[in-house]
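This report refers to the structure that appears directly beneath it.
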Amino acid sequence: MSDTRPDLGIGMVGYAFMGAAHSQAWRTAPAFFDLPLLPRLRAVCGRNEDAAGEVARRFGWESVETDWHALLTRDDVDVIDICTPGNTHAEIAIAALEAGKHVICEKPLANTVAEAEAMAAAAATAAQQGVRSMVGFTYRRTPAVAFARQLVASGRLGTIRHVRGQYLQDWLADENAPLSWRLDKSLAGSGALGDIGAHIIDMAQFVTGDSIASVNGLMETFVQTRPIGGDHTTLGGHASQDAERGPVTVDDAAAFTARFVGGAIGVFEATRFATGRKNALRLEINGTLGSLAFDFEDMNVLEFFDATEDPSVAGFRRILVTEASHPYVAAWWPPGHGLGYEHGFTHQVVDLVTDIAKGADPAPSFADGLAVQRVLAAVEASAASGTTQTL
Ligand code: SOE
(Lines give C-alpha, C1' and ligand atoms only; values in the text may rest on other atoms or scores of the structure.)
Protein backbone atom coordinates (compact mmCIF):
# COMPACT_ATOMS: atom_id res chain seq x y z
CA MET A 1 0.00 0.00 0.00
CA SER A 2 1.59 3.29 -1.07
CA ASP A 3 2.25 5.95 1.53
CA THR A 4 0.43 9.20 0.69
CA ARG A 5 2.40 11.37 3.14
CA PRO A 6 4.75 13.98 1.65
CA ASP A 7 8.39 12.93 1.70
CA LEU A 8 10.96 14.67 3.89
CA GLY A 9 14.40 14.08 2.41
CA ILE A 10 17.26 13.78 4.91
CA GLY A 11 20.93 14.43 4.23
CA MET A 12 23.19 13.44 7.12
CA VAL A 13 26.73 14.78 7.49
CA GLY A 14 28.87 12.44 9.57
CA TYR A 15 28.35 8.74 10.11
CA ALA A 16 30.10 7.52 13.29
CA PHE A 17 28.50 7.07 16.74
CA MET A 18 25.99 9.92 16.33
CA GLY A 19 25.48 9.03 12.69
CA ALA A 20 24.37 5.57 13.74
CA ALA A 21 22.09 6.91 16.49
CA HIS A 22 20.48 9.38 14.09
CA SER A 23 20.18 6.83 11.26
CA GLN A 24 18.25 4.41 13.47
CA ALA A 25 16.00 7.28 14.59
CA TRP A 26 15.11 8.36 11.05
CA ARG A 27 14.24 4.73 10.22
CA THR A 28 12.37 3.88 13.45
CA ALA A 29 10.32 7.04 14.08
CA PRO A 30 7.79 6.56 11.22
CA ALA A 31 7.24 2.94 12.27
CA PHE A 32 6.14 3.77 15.83
CA PHE A 33 4.73 7.29 15.48
CA ASP A 34 2.17 8.63 13.01
CA LEU A 35 4.40 11.27 11.47
CA PRO A 36 2.84 13.88 9.14
CA LEU A 37 5.83 13.65 6.80
CA LEU A 38 7.76 10.54 5.78
CA PRO A 39 11.53 10.77 6.37
CA ARG A 40 13.49 9.49 3.37
CA LEU A 41 17.16 8.68 3.95
CA ARG A 42 18.46 10.39 0.80
CA ALA A 43 22.21 10.68 1.49
CA VAL A 44 24.89 10.10 4.08
CA CYS A 45 27.92 12.35 3.67
CA GLY A 46 31.47 11.62 4.76
CA ARG A 47 34.98 12.27 3.50
CA ASN A 48 35.71 8.55 3.61
CA GLU A 49 33.52 7.24 0.80
CA ASP A 50 34.01 3.58 1.71
CA ALA A 51 33.10 4.12 5.37
CA ALA A 52 30.08 6.23 4.46
CA GLY A 53 29.11 3.59 1.92
CA GLU A 54 29.11 0.91 4.61
CA VAL A 55 26.82 3.06 6.77
CA ALA A 56 24.58 3.61 3.75
CA ARG A 57 24.37 -0.14 3.22
CA ARG A 58 23.67 -0.93 6.87
CA PHE A 59 21.06 1.78 7.48
CA GLY A 60 19.52 2.12 4.01
CA TRP A 61 20.77 5.54 2.98
CA GLU A 62 19.95 5.91 -0.73
CA SER A 63 23.25 7.54 -1.74
CA VAL A 64 26.64 8.71 -0.52
CA GLU A 65 28.15 12.17 -0.82
CA THR A 66 31.74 13.07 0.08
CA ASP A 67 31.21 16.86 0.13
CA TRP A 68 28.42 18.28 2.32
CA HIS A 69 27.96 21.21 -0.05
CA ALA A 70 26.41 18.78 -2.55
CA LEU A 71 23.53 18.18 -0.12
CA LEU A 72 22.56 21.85 -0.23
CA THR A 73 21.76 21.81 -3.94
CA ARG A 74 19.84 18.53 -3.98
CA ASP A 75 16.11 19.01 -4.45
CA ASP A 76 15.45 15.67 -2.76
CA VAL A 77 17.07 16.84 0.50
CA ASP A 78 14.94 18.97 2.85
CA VAL A 79 16.77 18.49 6.16
CA ILE A 80 20.50 18.62 6.92
CA ASP A 81 21.36 16.46 9.91
CA ILE A 82 24.77 17.51 11.33
CA CYS A 83 26.56 14.69 13.15
CA THR A 84 30.10 15.99 12.91
CA PRO A 85 32.59 17.39 15.46
CA GLY A 86 31.75 20.85 16.76
CA ASN A 87 34.34 22.75 14.70
CA THR A 88 32.23 22.16 11.57
CA HIS A 89 28.77 22.92 12.99
CA ALA A 90 28.62 26.65 12.27
CA GLU A 91 29.82 26.52 8.65
CA ILE A 92 27.52 23.65 7.69
CA ALA A 93 24.44 24.85 9.61
CA ILE A 94 24.59 28.46 8.38
CA ALA A 95 25.12 27.41 4.76
CA ALA A 96 22.27 24.90 5.02
CA LEU A 97 19.86 27.42 6.56
CA GLU A 98 20.75 30.00 3.92
CA ALA A 99 20.08 27.32 1.27
CA GLY A 100 16.60 26.87 2.72
CA LYS A 101 17.25 23.50 4.35
CA HIS A 102 15.91 22.64 7.80
CA VAL A 103 18.76 21.77 10.21
CA ILE A 104 19.18 19.42 13.16
CA CYS A 105 22.62 19.92 14.70
CA GLU A 106 24.31 17.72 17.30
CA LYS A 107 25.35 19.20 20.63
CA PRO A 108 27.02 21.31 21.72
CA LEU A 109 25.75 23.79 19.15
CA ALA A 110 29.23 25.12 18.43
CA ASN A 111 32.75 25.40 19.82
CA THR A 112 32.52 29.12 20.67
CA VAL A 113 29.89 31.67 21.68
CA ALA A 114 30.65 33.68 18.54
CA GLU A 115 29.88 30.68 16.33
CA ALA A 116 26.73 29.91 18.32
CA GLU A 117 25.59 33.54 18.01
CA ALA A 118 26.04 33.41 14.23
CA MET A 119 24.11 30.13 14.08
CA ALA A 120 21.27 31.46 16.21
CA ALA A 121 21.05 34.58 14.06
CA ALA A 122 20.94 32.52 10.87
CA ALA A 123 18.28 30.28 12.40
CA ALA A 124 16.12 33.27 13.37
CA THR A 125 16.38 34.69 9.84
CA ALA A 126 15.62 31.32 8.26
CA ALA A 127 12.62 30.78 10.54
CA GLN A 128 11.00 33.86 9.00
CA GLN A 129 11.06 31.89 5.73
CA GLY A 130 9.63 28.77 7.37
CA VAL A 131 13.00 27.01 7.67
CA ARG A 132 13.27 25.17 11.01
CA SER A 133 16.23 24.23 13.22
CA MET A 134 16.92 22.23 16.37
CA VAL A 135 19.96 21.34 18.48
CA GLY A 136 20.28 17.72 19.57
CA PHE A 137 19.98 17.63 23.35
CA THR A 138 18.25 14.28 23.21
CA TYR A 139 18.23 13.49 26.95
CA ARG A 140 15.37 15.95 27.45
CA ARG A 141 13.37 13.46 25.34
CA THR A 142 13.94 10.57 27.74
CA PRO A 143 10.43 9.98 29.12
CA ALA A 144 11.56 10.31 32.77
CA VAL A 145 13.21 13.67 32.06
CA ALA A 146 10.24 15.00 30.11
CA PHE A 147 7.99 13.81 32.96
CA ALA A 148 10.26 15.53 35.50
CA ARG A 149 9.75 18.80 33.66
CA GLN A 150 5.96 18.26 33.82
CA LEU A 151 6.14 17.72 37.59
CA VAL A 152 8.17 20.90 38.14
CA ALA A 153 6.01 22.95 35.77
CA SER A 154 2.86 21.77 37.57
CA GLY A 155 4.22 23.06 40.89
CA ARG A 156 4.56 19.62 42.51
CA LEU A 157 8.02 20.54 43.83
CA GLY A 158 7.11 24.06 44.91
CA THR A 159 9.88 26.65 44.83
CA ILE A 160 13.16 25.16 43.58
CA ARG A 161 16.06 25.58 46.01
CA HIS A 162 18.71 23.13 44.74
CA VAL A 163 19.73 21.77 41.34
CA ARG A 164 22.39 19.04 41.40
CA GLY A 165 23.67 17.89 38.01
CA GLN A 166 26.32 15.32 37.25
CA TYR A 167 27.51 13.62 34.10
CA LEU A 168 29.94 10.84 35.08
CA GLN A 169 31.82 8.69 32.59
CA ASP A 170 35.09 6.79 32.90
CA TRP A 171 36.28 6.08 29.37
CA LEU A 172 39.45 8.11 29.89
CA ALA A 173 40.34 6.87 33.39
CA ASP A 174 42.99 4.65 31.72
CA GLU A 175 45.93 6.96 31.00
CA ASN A 176 46.68 4.85 27.94
CA ALA A 177 43.26 5.31 26.37
CA PRO A 178 44.25 6.80 23.01
CA LEU A 179 43.73 10.27 21.61
CA SER A 180 40.55 10.95 19.64
CA TRP A 181 38.88 14.02 18.15
CA ARG A 182 37.09 14.61 21.48
CA LEU A 183 40.49 15.38 23.07
CA ASP A 184 41.50 17.97 20.46
CA LYS A 185 40.34 21.51 21.30
CA SER A 186 40.55 22.58 17.63
CA LEU A 187 37.89 19.96 16.80
CA ALA A 188 35.83 19.53 19.98
CA GLY A 189 36.07 23.02 21.48
CA SER A 190 36.40 21.63 24.99
CA GLY A 191 36.47 18.25 26.72
CA ALA A 192 34.10 16.92 29.35
CA LEU A 193 32.69 20.42 29.87
CA GLY A 194 31.27 20.88 26.37
CA ASP A 195 30.75 17.26 25.45
CA ILE A 196 28.79 16.12 28.52
CA GLY A 197 28.56 19.23 30.68
CA ALA A 198 26.42 20.73 27.91
CA HIS A 199 23.87 17.98 28.51
CA ILE A 200 23.51 18.67 32.24
CA ILE A 201 23.25 22.40 31.65
CA ASP A 202 20.49 21.97 29.06
CA MET A 203 18.71 19.35 31.19
CA ALA A 204 18.82 21.51 34.34
CA GLN A 205 17.43 24.54 32.49
CA PHE A 206 14.85 22.43 30.64
CA VAL A 207 13.50 20.61 33.72
CA THR A 208 13.45 23.67 36.02
CA GLY A 209 12.28 26.11 33.35
CA ASP A 210 14.88 28.46 34.86
CA SER A 211 18.21 29.81 33.58
CA ILE A 212 21.69 29.91 35.04
CA ALA A 213 22.64 33.48 35.98
CA SER A 214 26.22 33.08 37.21
CA VAL A 215 28.89 30.39 37.69
CA ASN A 216 32.09 29.61 39.55
CA GLY A 217 34.04 26.86 37.91
CA LEU A 218 37.17 24.78 37.87
CA MET A 219 38.55 22.46 35.20
CA GLU A 220 41.31 19.87 35.14
CA THR A 221 43.26 17.84 32.63
CA PHE A 222 44.62 14.87 34.60
CA VAL A 223 46.46 13.19 31.71
CA GLN A 224 48.38 15.62 29.50
CA THR A 225 49.48 13.21 26.73
CA ARG A 226 47.96 10.05 25.28
CA PRO A 227 48.89 7.36 22.71
CA ILE A 228 48.32 8.43 19.13
CA GLY A 229 46.46 6.23 16.70
CA GLY A 230 43.37 4.95 18.45
CA ASP A 231 40.09 4.49 16.61
CA HIS A 232 39.11 8.08 16.00
CA THR A 233 35.43 7.45 16.54
CA THR A 234 35.08 5.19 19.59
CA LEU A 235 35.23 6.14 23.25
CA GLY A 236 38.19 4.97 25.31
CA GLY A 237 40.05 1.79 24.49
CA HIS A 238 43.62 0.99 25.43
CA ALA A 239 46.86 1.48 23.50
CA SER A 240 50.42 0.46 24.29
CA GLN A 241 52.07 2.74 26.78
CA ASP A 242 55.12 2.59 24.47
CA ALA A 243 53.16 4.12 21.57
CA GLU A 244 54.04 7.66 20.48
CA ARG A 245 52.00 10.13 22.53
CA GLY A 246 50.35 13.37 21.59
CA PRO A 247 48.97 16.27 23.62
CA VAL A 248 45.52 16.42 25.18
CA THR A 249 44.30 19.98 24.65
CA VAL A 250 40.95 19.85 26.46
CA ASP A 251 39.66 19.34 30.00
CA ASP A 252 39.18 15.87 31.44
CA ALA A 253 36.81 17.13 34.09
CA ALA A 254 34.91 20.26 35.07
CA ALA A 255 32.97 21.28 38.17
CA PHE A 256 31.03 24.45 38.82
CA THR A 257 28.51 26.04 41.11
CA ALA A 258 25.71 28.15 39.72
CA ARG A 259 23.05 30.63 40.74
CA PHE A 260 19.75 30.45 38.85
CA VAL A 261 17.72 33.51 37.91
CA GLY A 262 14.87 32.22 40.07
CA GLY A 263 17.06 31.99 43.18
CA ALA A 264 18.01 28.31 43.25
CA ILE A 265 21.66 27.30 43.58
CA GLY A 266 23.25 24.60 41.48
CA VAL A 267 26.19 22.23 41.80
CA PHE A 268 27.44 20.58 38.61
CA GLU A 269 30.24 18.24 37.52
CA ALA A 270 31.19 16.58 34.27
CA THR A 271 34.01 14.08 34.10
CA ARG A 272 35.44 11.25 32.05
CA PHE A 273 37.38 9.92 35.07
CA ALA A 274 34.57 8.72 37.35
CA THR A 275 35.90 5.19 37.47
CA GLY A 276 33.00 2.73 37.28
CA ARG A 277 30.45 5.27 36.08
CA LYS A 278 29.71 4.65 32.39
CA ASN A 279 26.99 7.14 31.46
CA ALA A 280 25.70 8.43 34.78
CA LEU A 281 23.83 11.53 33.74
CA ARG A 282 22.16 12.54 37.00
CA LEU A 283 19.87 15.32 38.06
CA GLU A 284 18.41 15.95 41.50
CA ILE A 285 16.12 18.87 42.21
CA ASN A 286 15.02 19.88 45.71
CA GLY A 287 11.98 22.10 46.12
CA THR A 288 9.87 23.32 49.01
CA LEU A 289 7.15 20.72 48.30
CA GLY A 290 9.23 17.85 47.06
CA SER A 291 12.26 16.49 45.24
CA LEU A 292 13.05 14.44 42.18
CA ALA A 293 16.13 12.48 41.14
CA PHE A 294 17.10 10.92 37.80
CA ASP A 295 20.07 8.75 36.78
CA PHE A 296 20.40 7.81 33.11
CA GLU A 297 22.00 4.52 34.14
CA ASP A 298 18.52 3.69 35.47
CA MET A 299 16.80 5.70 32.79
CA ASN A 300 13.25 4.30 33.05
CA VAL A 301 12.92 5.41 36.66
CA LEU A 302 12.28 8.80 38.23
CA GLU A 303 12.62 9.08 41.99
CA PHE A 304 10.12 11.41 43.58
CA PHE A 305 9.65 12.65 47.15
CA ASP A 306 6.38 14.35 48.05
CA ALA A 307 6.89 16.55 51.09
CA THR A 308 3.15 17.01 51.48
CA GLU A 309 2.68 13.34 52.41
CA ASP A 310 2.21 12.14 55.98
CA PRO A 311 5.82 11.96 57.26
CA SER A 312 5.22 8.52 58.69
CA VAL A 313 4.76 7.12 55.18
CA ALA A 314 6.80 9.64 53.16
CA GLY A 315 9.92 8.62 51.28
CA PHE A 316 11.47 8.70 47.83
CA ARG A 317 9.36 6.55 45.57
CA ARG A 318 10.68 4.93 42.37
CA ILE A 319 8.28 5.86 39.61
CA LEU A 320 8.60 3.46 36.67
CA VAL A 321 8.15 5.91 33.79
CA THR A 322 6.67 3.38 31.40
CA GLU A 323 2.97 4.15 31.54
CA ALA A 324 1.13 5.20 28.38
CA SER A 325 0.36 8.46 30.17
CA HIS A 326 4.08 9.30 30.37
CA PRO A 327 5.71 11.36 27.57
CA TYR A 328 6.35 9.39 24.35
CA VAL A 329 5.69 5.98 26.00
CA ALA A 330 2.28 5.26 24.43
CA ALA A 331 3.95 4.63 21.07
CA TRP A 332 6.11 1.85 22.44
CA TRP A 333 5.63 -1.06 24.82
CA PRO A 334 3.36 -2.07 27.70
CA PRO A 335 4.23 -0.82 31.20
CA GLY A 336 7.52 -2.08 32.60
CA HIS A 337 9.15 -2.99 29.30
CA GLY A 338 11.41 0.07 29.26
CA LEU A 339 13.16 2.19 26.66
CA GLY A 340 16.83 2.84 25.88
CA TYR A 341 19.43 5.40 24.87
CA GLU A 342 18.36 5.32 21.24
CA HIS A 343 14.76 6.31 22.00
CA GLY A 344 15.77 9.88 22.79
CA PHE A 345 17.02 10.20 19.23
CA THR A 346 13.83 8.71 17.85
CA HIS A 347 11.70 11.13 19.90
CA GLN A 348 13.90 13.95 18.62
CA VAL A 349 12.99 12.97 15.04
CA VAL A 350 9.30 12.76 15.95
CA ASP A 351 9.25 16.26 17.42
CA LEU A 352 11.35 17.79 14.63
CA VAL A 353 9.23 16.29 11.84
CA THR A 354 6.01 17.26 13.61
CA ASP A 355 7.19 20.85 14.05
CA ILE A 356 8.36 21.13 10.44
CA ALA A 357 4.96 19.90 9.25
CA LYS A 358 3.00 22.35 11.37
CA GLY A 359 5.31 25.28 10.77
CA ALA A 360 6.46 25.56 14.38
CA ASP A 361 9.92 26.32 15.70
CA PRO A 362 11.36 23.16 17.32
CA ALA A 363 12.92 23.04 20.80
CA PRO A 364 15.64 23.05 21.81
CA SER A 365 16.29 25.86 19.38
CA PHE A 366 19.63 27.27 18.31
CA ALA A 367 18.87 30.07 20.81
CA ASP A 368 18.65 27.40 23.53
CA GLY A 369 21.95 26.00 22.24
CA LEU A 370 23.47 29.49 22.42
CA ALA A 371 22.31 29.82 26.03
CA VAL A 372 24.16 26.60 26.88
CA GLN A 373 27.21 27.83 24.97
CA ARG A 374 27.26 30.99 27.09
CA VAL A 375 27.29 28.90 30.27
CA LEU A 376 30.13 26.74 28.92
CA ALA A 377 32.18 29.84 28.09
CA ALA A 378 31.44 31.34 31.51
CA VAL A 379 32.64 28.21 33.27
CA GLU A 380 35.86 28.26 31.22
CA ALA A 381 36.37 31.96 31.99
CA SER A 382 35.73 31.37 35.69
CA ALA A 383 38.13 28.44 35.79
CA ALA A 384 40.80 30.55 34.10
CA SER A 385 40.33 33.62 36.29
CA GLY A 386 39.13 32.19 39.57
CA THR A 387 36.26 34.66 39.56
CA THR A 388 32.48 34.49 39.41
CA GLN A 389 31.18 34.90 35.87
CA THR A 390 27.76 36.45 35.32
CA LEU A 391 25.86 35.58 32.14
C1 SOE B 1 30.81 10.95 24.83
O2 SOE B 1 31.00 11.60 26.01
C3 SOE B 1 29.33 10.87 24.48
O4 SOE B 1 29.20 10.13 23.30
C5 SOE B 1 28.74 12.25 24.23
O6 SOE B 1 29.39 12.89 23.13
C7 SOE B 1 27.24 12.11 23.94
O8 SOE B 1 26.65 13.39 23.75
C9 SOE B 1 26.57 11.40 25.11
O10 SOE B 1 25.18 11.22 24.84
C11 SOE B 1 27.22 10.05 25.37
O12 SOE B 1 28.64 10.22 25.56
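Only Lys, Arg, Asp and Glu carry charge here, each on its Cβ (+1 for the first two, -1 for the last two); on that basis the chain has a dipole of about 620 debye about its Cα centre. A dipole drawn for the chain from +1 and -1 charges on Cβ atoms has a positive end, and of THR275, PRO227, ALA146 the residue lying farthest that way is ALA146. The listed peptides 127-136, 195-204, 355-364, 249-258, ordered by packing as a protection proxy, come out as 195-204, 249-258, 127-136, 355-364 (highest mean of other Cβ atoms within 10 Å first).
Extension gain for the segment VAL313 to ASN279, taken as residue separation times 0.36 nm less the Cα-Cα distance, is 9.0 nm to one decimal.
On the beta carbon distance between ASP361 and THR221, with R0 = 45 Å, the FRET formula returns roughly 0.75. Among GLY100, GLY194, GLY369, the largest mean-square fluctuation in a Gaussian network model of the chain (Cα springs under 10 Å) belongs to GLY100. For a label point 7 Å from the Cα of PHE32 along Cα→C-beta, name the residues of region 113-149 whose backbone N is under 12 Å from it. Answer for region 113-149: 142-143.
Per residue, the chain exposes 42 Å² of solvent-accessible protein surface, assessed with a 1.4 angstrom probe and all protein chains in place.
Close amide H contacts of ILE319 (hydrogens built in the peptide plane, cut-off under 5 Å, sequence separation of 5 or more or a different chain): LEU302, GLU303, PHE304. Stretching ALA324 away from THR257 to a fully extended chain increases their span by 20.5 nm, per 0.36 nm per residue minus the current alpha-carbon distance. Phi angles of region 97-104 translate, via the Karplus equation with coefficients 6.51, -1.76, 1.60 and θ = phi - 60°, into HN-Hα couplings of 4, 5, 8, x, 9, 5, 9, 10 Hz per residue; Gly and Pro are given as x.
Placing R0 at 45 angstrom, the Cβ-Cβ distance between ILE265 and ASN176 gives a FRET efficiency of 0.70 after rounding to 0.05.
For region 7-139, with all protein chains in place and a probe radius of 1.4 Å, 47% of the accessible heavy-atom surface sits on carbon or sulfur. Karplus-based coupling profile of region 197-214, in residue order and whole Hz: x, 4, 5, 6, 5, 4, 5, 5, 6, 5, 5, 7, x, 10, 10, 6, 9, 7, with θ = phi - 60° in 6.51 cos²θ - 1.76 cosθ + 1.60 and x standing for Gly or Pro.
The values are calculated or read from the model by the stated rules, or taken from the named source; none is laboratory data. Quick caveat: nothing in here was measured; it's all calculated off a predicted structure. When we count neighbours, we look across all protein chains shown, and the Cβ atoms used for this are built from the backbone with ideal geometry, even at glycine. Only protein heavy atoms, including side chains, enter the accessible area calculation; ligands, DNA and RNA are left aside. Shrake-Rupley method; radii C 1.70, N 1.55, O 1.52, S 1.80 Å.
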